[in-house]
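Have a look at the structure below before the remarks.
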Amino acid sequence: MGFTLPSPDSPAEQAKTLMNQKKNIETEIESHISILKANQSTMQTPLVDPDGFPRADIDIYAVRGARVRIIELRNDLKDVTAAIGKALEAVYDRSQSESVGKREMSEESSSSKEPKAFAKVDGVAPGSPAADAGLCREDLIVKFGRLVDTSFSSGSLTPIAELVGASENQSIGIKVLRKGQSVYLSLTPRKGWGGRGMLGCHIVPYSP
């Protein structure tokens, strides 16, 4: 199995193509999760009764098939998410290079400043959209979609909640700092993943 890398193109077009592939993978995962739900099953539900016999109340063949496919698709999702991160990094690097070039032509370049981290990931639930996107505990969020540190006031992260609520099943580009390194991710808020909320992570305000 596996996803298909897009043909060489601009980083922005590569990212767009990969995000479409990511959305298709997530849609297929949801279809197989629906099979599990229809059988009152999860990825861990026993398929045999206490006496060791196959359960008669569920379609064991369908559940096994859905589980295998979900595992395959989640691996594909990790690969495509990593590829999106690299593409977004290339897009960011290009925009930064162009911006630097313009600033070097201006005498006011010293007045510009780099966005700062404004939130920290305090926990990530396994199998959640946040986990699928590659978010990790202790990640420092520098950019969340269009939101940067200047988008917030009074230590409230309400703008994130509003953006997430308006972006169900839509990819959101995120930049985080992880052990001093910039990491670029694509997060798709969605319901029905098996836990609370549409992200499956705990984000708290952060001040450097």
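The values are calculated or read from the model by the stated rules, or taken from the named source; none is laboratory data. Since we're looking at a predicted model, the values are computed, not measured. Using ideal geometry, Cβ is built from the backbone for each residue, glycine included, and neighbour counts are taken over all protein chains shown. With ligands, DNA and RNA removed, areas are computed over all heavy atoms of the protein, side chains included. Shrake-Rupley method; radii C 1.70, N 1.55, O 1.52, S 1.80 Å.
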Exercise. Scanning for something touching a Phe, Trp or Tyr at 6+ places or on another chain (Cβ under 8 Å) and among the small types (Gly, Ala, Ser), does the range 190-200 turn up at least one residue?
Worked result: yes
For this session: Report, by residue number, each residue of the range 151-169 that is open to solvent by 60 Å² or more (accessible area, probe 1.4 Å) and either in contact with a Leu (Cβ under 8 Å, 6 or more places away or on another chain) or touching a residue at least 24 places away in the same chain (Cβ under 8 Å) (or both).
Result: Glu168, Asn169
Exercise. Is it true that Asp76 is surrounded by fewer than 17 Cβ atoms within 10 Å (Cβ to Cβ) and either in the same structural domain as Ser31 (by the TED database) or not β-branched (Val, Ile, Thr) (or both)?
Worked result: no
Exercise. Under the condition of being open to solvent by 70 Å² or more (accessible area, probe 1.4 Å) and not in a loop (DSSP other than H, G, I, E, B), which residue from the range 39-72 is nearest to Gly192 (Cα to Cα)?
Worked result: Ile71
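Does any residue of the range 174-189 turn out to be under 26 Å from Ile71 (Cα atoms), out of contact with any Leu (no Cβ under 9 Å at 6 or more places or on another chain), open to solvent by less than 30 Å² (accessible area, probe 1.4 Å) and of a type in the set (Ser, Thr, Tyr)? Step through it out loud before you land on a result.
Going residue by residue through the range 174-189, those that are under 26 Å from Ile71 (Cα atoms) are 174, 183-189.
Checking the rest, the ones that are also out of contact with any Leu (no Cβ under 9 Å at 6 or more places or on another chain) come to 188.
Still in the list and also open to solvent by less than 30 Å² (accessible area, probe 1.4 Å): 188.
Now restrict to residues that are of a type in the set (Ser, Thr, Tyr): 188.
There is at least one residue in the range 174-189 that is under 26 Å from Ile71 (Cα atoms), out of contact with any Leu (no Cβ under 9 Å at 6 or more places or on another chain), open to solvent by less than 30 Å² (accessible area, probe 1.4 Å) and of a type in the set (Ser, Thr, Tyr).
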For this session: Could you grab the pairs with beta carbons closer than 9 Å, sequence gap of 6+ or different chains, first residue in the range 19-40 and more than 16 Å from Asn75 (Cβ to Cβ), second one aromatic (Phe, Trp, Tyr)?
Result: Glu30/Trp193
Problem set entry | Filter result for Ser207 (in a loop (DSSP other than H, G, I, E, B) and open to solvent by less than 30 Å² (accessible area, probe 1.4 Å)) | no
